[in-house]
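The values are calculated or read from the model by the stated rules, or taken from the named source; none is laboratory data. Every value quoted in this text rests on a predicted model; they were computed, and no experiment measured them. Methodologically, a virtual Cβ is constructed for each residue, glycine included, from the backbone with ideal geometry; neighbour enumeration extends over all protein chains shown. Protein only, heavy atoms only, side chains kept; ligands, DNA and RNA dropped before computing areas. Shrake-Rupley method; radii C 1.70, N 1.55, O 1.52, S 1.80 Å.
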There are 2 protein chains.
Amino acid sequence: PLCLGWALRPAAAATATNILLLLMDDMGWGDLGAFGEPSKETPNLDQMAAEGMLFLDFYTASPLCSPSRAALLTGRLPVRNGFYTTNGHARNAYTPQDIVGGIPDSELLLPELLKKAGYTNKIIGKWHLGHRAQFHPLKHGFDEWFGSPNCHFGPYDNRERPNIPVYRDWEMVGRYYEDFKIDLKTGEANLTQLYLQEALDFISKQQASQQPFFLYWAIDATHAPVYASKQFLGTSQRGLYGDAVREIDDSVGKILKHLQQLGISENTFVFFTSDNGAALISAPKQGGSNGPFLCGKQTTFEGGMREPAIAWWPGHIPAGGVSHQLGSVMDLFSTSLSLAGLQPPSDRQIDGIDLLPVILQGKLIDRPIFYYRGNELMAVRAGLYKAHYWTWSNSWEEHSKGIDFCPGQSVAGVTTHTQEEHTCLPLLFHLGRDPGEKYPLSFASEEYQQAMERISGLVQQHRDTLVPGQPQLNVCDQAVMNWSPPGCEKLGKCLKAPESDPKKCSWPH
Amino acid sequence: PLCLGWALRPAAAATATNILLLLMDDMGWGDLGAFGEPSKETPNLDQMAAEGMLFLDFYTASPLCSPSRAALLTGRLPVRNGFYTTNGHARNAYTPQDIVGGIPDSELLLPELLKKAGYTNKIIGKWHLGHRAQFHPLKHGFDEWFGSPNCHFGPYDNRERPNIPVYRDWEMVGRYYEDFKIDLKTGEANLTQLYLQEALDFISKQQASQQPFFLYWAIDATHAPVYASKQFLGTSQRGLYGDAVREIDDSVGKILKHLQQLGISENTFVFFTSDNGAALISAPKQGGSNGPFLCGKQTTFEGGMREPAIAWWPGHIPAGGVSHQLGSVMDLFSTSLSLAGLQPPSDRQIDGIDLLPVILQGKLIDRPIFYYRGNELMAVRAGLYKAHYWTWSNSWEEHSKGIDFCPGQSVAGVTTHTQEEHTCLPLLFHLGRDPGEKYPLSFASEEYQQAMERISGLVQQHRDTLVPGQPQLNVCDQAVMNWSPPGCEKLGKCLKAPESDPKKCSWPH
């Protein structure tokens, strides 16, 4: 009875598994040596894969950053959690700084749930689920934050719009291009080093306090404008993009080594992946590689949504494993809950699955992958078959201006520049024989009939039970930009917002 | 003095390093797990790479089988050793069974030279340097042969032309589709098992007799029509092509294990590569993958000529090495001579270099790669830059019939369907930033000027010293087909040849 007080402590306190999600920005499936990048410049990530498990069939939930991140943290498709638009059909929408919406309070985020198990939660890097006060990460379960609410890809100190702020917890501590420099000419910026140091310090602090942690390391050096620290500039055969990858690789190596040196690597589950495919539109200087896959970011072809993915957990995950499990960033939600001994919420549809049986016991779980673009189910993968219900790369109008999401990869009738409906007779590919989605199966073949019978059932079931969330990415307003974030007064960096003038956001693709 | 007799024995006898070249047919850079193939179905080859050295920038000397093989065995570019045509400009030519030419007696082949160092030389599989009597491999240095002189891709038992014979040493032992079955419907054939057993037996025999060996294992299961043994059919996620790769992977594993079990693995240098890029025209069912590279077989884009390559020599090559050395199949000639303690011939130009300093000491040797198509220097690589002097995929006439060497990969002005000359202003690519050859550098850039200055010098030097050989692939004649190969009498398989009617061979691309 004297010991009862101890026994009633949250079970997590001493032994709960730490969770470390390393989320890259616009990094492609083909950017790591372990995935076949021909320059082989990622020794630390390759080592991580050799010591852990490589996922070859791992997907994001959207070919664009914001919805992908919302899906990861909620375990739900963007069409459910609200990170989509109805302003146009099948349009990619995200959270620029004039967006009015963000993550709804009704959504339950992973850190909110982990808190119940005694976790301390930190986000380092890009939030991207809305930058207005009610969407702040510390209002949605995170305890600490160092990073920015929006992308660093503009404005570039042009004085017409406020530069994106960088926050420490509740308050901004400066702005990109003012206090946190990114040299657009040379590509020099020390941000990855700052984010690395933040991670190392946080891990040390948690280890010292014996508190389990969830660290969401959402860095963005591989998103255009790509950047790297001075010591990494010019070190890659791949140019600036490769320099950024090398710095990230080095940083991941340092983080894993830190866990080992602190003696907590066997108690820390680490997962590395990316938010969407490489942005071929920025390649080769500012964009990566999707390996053998078709097209890139913004599209629902494999290049847009298949991600590099590595699970690492020494002493638990057998070294050198390779999994063909169809996985999703949404599974990181469910898997993290499982690691914390928690059940997923039962009052809503969760799309993620618990990957622990896959990771620890080598199981394969039969489940489809849904490829959405905004409000439209574009494609479905089941087993090795992928059916496209709609195809679209981008519009002729954009294409004629040089915007091309599939440069050098034109597949007739597939990488279409008009939105093509195939719902009655979907285009079917066998991703084993044809990972590049170049050779549609004959509609008349028995193989087509059998595969489509199965997929049609999955789609029917999915559609019948789908309850779309309130679309958050419809309305834009210059007045909601980061004119005067909390903390701006102390820094003398408050700007005057213009009159509110809400408009429909324009989502061209 | 009593021991002098021993000392004077050829140095090779007891300790010379065995040489085992594993040459694949139409296998692509992207077909192995270690090179990023997404199905990861080559555990033995991946293990071979992990224990040896991976070459990421290794090239063939021609995007087509025969010239590539002639280059490997002579250490010389096809334009020097005669494996090219002058019937048309920049045309790929090879050795079908109506070809009159073959390897000239004036060429010195690797096995001829190794013989002087006491090696026993065997070829298993496809010869492809001419099938008429004077071109027989046993007339050019090989001691043993089990395999065929031409491709198995036709005739398919159609009775109008003789089926390709299979030889054991000097005599045929049967013909494809008659005695050596390949089921074109199911893809079943046990040939890889036969070639595997031949290799294991030969290695055992050599080990027992303590004689050093050169084994040239030139199998062809991945050349269309692709085949695999029954036990491998249906085992791959990639379809029949993947089944063939799995069987090859399994066979390579067995060969390496055999070397280890015999205790001669530390005395056997093994090199794995392919004769040209994957034949995308046959993909996905009958062709492989070139990973992130442009186009495939028949072209001088990276997909046509960059090859998977692995060096393995336990106890000598440090495990897990990755080399960016620009290598060539012609280097296997020079490297093998070096292993045998021999000097390359000094009376002719040798294009291959000795890779041992690269393999054993991690050196990098500065040397260009020349990309030929028939009689034309199409492109040159120096460092990370590649300049195209001519571009051509295939003609509009062929293309309109559905023949496409770059399916789903159309790069404007690059994958041209007319022969485009760029000799005054070559198209320049940086293969580090842009392995897919999609983004030509601006002619006006300083980078372009500097890179082209260097490459122009290399090209000038190459052209100034080039002495083309007599073209061997100009004349075709139905009479020279394999109507009555030696040994046909015993088998009752002699056929009557038609009248001789020599014509210019037709090389459409």
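Looking at the structure I just gave you, is B:Gly303 over 30 Å from B:Gln211 (Cβ atoms) and open to solvent by 10 Å² or more (accessible area, probe 1.4 Å)? In short, no.
For the stretch A:299-320, residues that are on the phi > 0 side of the Ramachandran plot and at pLDDT 95 or above total 1.
If only residues of the stretch A:131-156 that are farther than 24 Å from A:Pro225 by Cα and among the small types (Gly, Ala, Ser) are counted, the one that is farthest from the chain's Cα centre (by Cα) is A:Ala133. Of all residues in the stretch A:49-64, those being surrounded by fewer than 24 Cβ atoms within 10 Å (Cβ to Cβ) and in a helix (DSSP H, G or I) number 2.
Is it fair to say A:Lys126 is under 26 Å from A:Leu337 (Cβ atoms) and open to solvent by 10 Å² or more (accessible area, probe 1.4 Å)? Full working, then the answer.
Working: under 26 Å from A:Leu337 (Cβ atoms): yes; open to solvent by 10 Å² or more (accessible area, probe 1.4 Å): no.
When the stated conditions are applied, A:Lys126 does not pass them.
Could you say which residue among B:Pro308, B:Pro318 is in contact with a helix residue (DSSP H, G or I) (Cβ under 9 Å, 6 or more places away or on another chain) and open to solvent by less than 10 Å² (accessible area, probe 1.4 Å)?
Details: B:Pro318 fails: open to solvent by less than 10 Å² (accessible area, probe 1.4 Å).
Going through B:Pro308, B:Pro318 in turn, just one is in contact with a helix residue (DSSP H, G or I) (Cβ under 9 Å, 6 or more places away or on another chain) and open to solvent by less than 10 Å² (accessible area, probe 1.4 Å): B:Pro308.
Sort out which residues of the stretch A:260-286 are open to solvent by less than 20 Å² (accessible area, probe 1.4 Å) and out of contact with any Asp or Glu (no Cβ under 9 Å at 6 or more places or on another chain), and write them in order of number. Matches in the stretch A:260-286: A:Ser265, A:Thr268, A:Phe269, A:Val270, A:Phe271, A:Phe272.
Under 28 Å from the mean Cα position of the chain (by Cα), open to solvent by 60 Å² or more (accessible area, probe 1.4 Å) and closer than 21 Å to B:Arg367 by Cβ: is that true of B:Gln460 in this structure? The answer is yes for B:Gln460.
I'm trying to understand the selection: among the residues of the stretch A:218-249, which are assigned to a loop (DSSP other than H, G, I, E, B) and in contact with a Lys or Arg (Cβ under 6 Å, 6 or more places away or on another chain)?
Hits for the stretch A:218-249 are A:Asp220, A:Thr235, A:Ser236, A:Arg238, A:Gly239.
A quick yes/no check of all residues on (1) open to solvent by 50 Å² or more (accessible area, probe 1.4 Å); (2) closer than 30 Å to A:Glu302 by Cα; (3) outside the structural domain of B:Ser328 (by the TED database); (4) not hydrophobic (A, V, I, L, M, F, W, C):
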site	(1), (2), (3), (4)
B:Thr391	no, yes, yes, yes
B:Trp396	yes, yes, yes, no
B:Ser400	yes, yes, yes, yes
B:Cys406	no, yes, yes, no
B:Val411	no, yes, yes, no
B:Thr418	yes, no, yes, yes
B:Pro426	no, no, yes, yes
B:Leu431	no, yes, yes, no
B:Leu441	no, yes, yes, no
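Scan the stretch B:479-509 residue by residue and report those that are open to solvent by 90 Å² or more (accessible area, probe 1.4 Å) and in contact (Cβ under 8 Å) with a residue 60 or more places away in the chain. Result: B:Lys490, B:Lys504, B:Ser506.
Checking each residue of the stretch A:141-153 against the condition of being more than 30 Å from A:Thr17 (Cβ to Cβ) and in contact with a strand residue (DSSP E or B) (Cβ under 8 Å, 6 or more places away or on another chain) gives at least one match. Taking (1) of a type outside the set (Ser, Thr, Tyr); (2) without any contact (Cβ under 8 Å) to a residue 40 or more places away in the chain; (3) under 17 Å from A:Ser66 (Cα atoms) in turn, A:Gly141 satisfies each apart from (3). The set of residues in the stretch A:68-108 that are without any contact (Cβ under 8 Å) to a residue 60 or more places away in the chain and either closer than 21 Å to A:Thr222 by Cβ or not in a loop (DSSP other than H, G, I, E, B) (or both) contains only A:Ala70.
Give the residue that is nearest to B:Phe293 (Cα to Cα), with candidates limited to residues of the stretch B:443-456 that are assigned to a helix (DSSP H, G or I) and open to solvent by 40 Å² or more (accessible area, probe 1.4 Å).
Keep residues of the stretch B:443-456 that are assigned to a helix (DSSP H, G or I), which gives B:446-456.
Retained after the next criterion (residues that are open to solvent by 40 Å² or more (accessible area, probe 1.4 Å)): B:446-447, B:449-450, B:453-454, B:456.
Numbers: B:Glu446: 26, B:Glu447: 22, B:Gln449: 25, B:Gln450: 25, B:Glu453: 25, B:Arg454: 24, B:Ser456: 24 Å.
Within the stretch B:443-456, the match that is nearest to B:Phe293 (Cα to Cα) is B:Glu447.
Test A:Gly253 against the stated conditions and say whether it is under 28 Å from A:Leu184 (Cα atoms) and within 14 Å of chain B (Cβ to nearest Cβ). In short, no. Annotation: A:Gly263 fulfils all but one of (1) in a loop (DSSP other than H, G, I, E, B); (2) free of Cβ contacts under 8 Å to residues at least 60 places away in the same chain; (3) away from chain B (no Cβ under 14 Å); (4) within 25 Å of A:Leu56 (Cβ to Cβ); the unmet one is (4).
Of all residues in the stretch B:88-109, none satisfies being of a type in the set (S, T, N, Q), touching a Pro at 6+ places or on another chain (Cβ under 6 Å) and farther than 30 Å from B:Leu384 by Cα. When A:Asp347 is tested against (1) acidic (Asp, Glu); (2) surrounded by fewer than 20 Cβ atoms within 10 Å (Cβ to Cβ); (3) within 18 Å of the chain's Cα centre (by Cα), just one condition goes unmet, and that condition is (3). Across the stretch A:218-249, the qualifying residues are those that are within 14 Å of chain B (Cβ to nearest Cβ), of a type in the set (D, E, K, R) and open to solvent by 10 Å² or more (accessible area, probe 1.4 Å), and the one among them that is farthest from A:Trp145 (Cα to Cα) is A:Arg238.
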